[in-house]
Amino acid sequence: DAITQAKNLYAKFDINKDGIVTRDEFAKCYKSFFNDTDKNLDGLLDLLDPNKTDQVDYIEWSKLLAPADLPRLTASCREIGPL
């Protein structure tokens, strides 16, 4: 389901598996998964890290990534397949 896929995608972005996605981890993974990186990355990071902590926690992630967003998100993926 969409919630599980959103959680799985967060886990993929958490490169060192510490439960927190840093801005650097997010940028690196976003660029590897999505085509529209240049125009959306900075704004997206600002939304995901509104307090400028250099971290994206799962709560902020899940607030921003609603199940209804997944079709739009997957449309800009570099490859076809599960998140």
**Q.** D_trans [Stokes-Einstein, Kirkwood Rh over alpha-carbon pairs] for the range 1-51, 4 °C, 1.567 mPa s, µm² s⁻¹
**A.** 113 µm²/s
Q. Please identify the trypsin sites (Lys or Arg not before Pro) of the range 1-59 that satisfy two criteria: DSSP loop assignment and at most 11 other Cβ atoms within 10 Å. Which are they?
A. K17, K52
Q: Mind checking which lysines have their Cα closer than 19 Å to the Cα of K31? Skip sequence neighbours fewer than 8 apart in that chain.
A: K7, K12, K17, K39
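Rule-based calculations on the coordinates, nothing more; no lab input. Since the model is a prediction, treat every value here as computed from it, not as a measurement. All Cβ positions, even for glycine, are placed from backbone atoms using ideal geometry, and neighbour counts span all protein chains on display.
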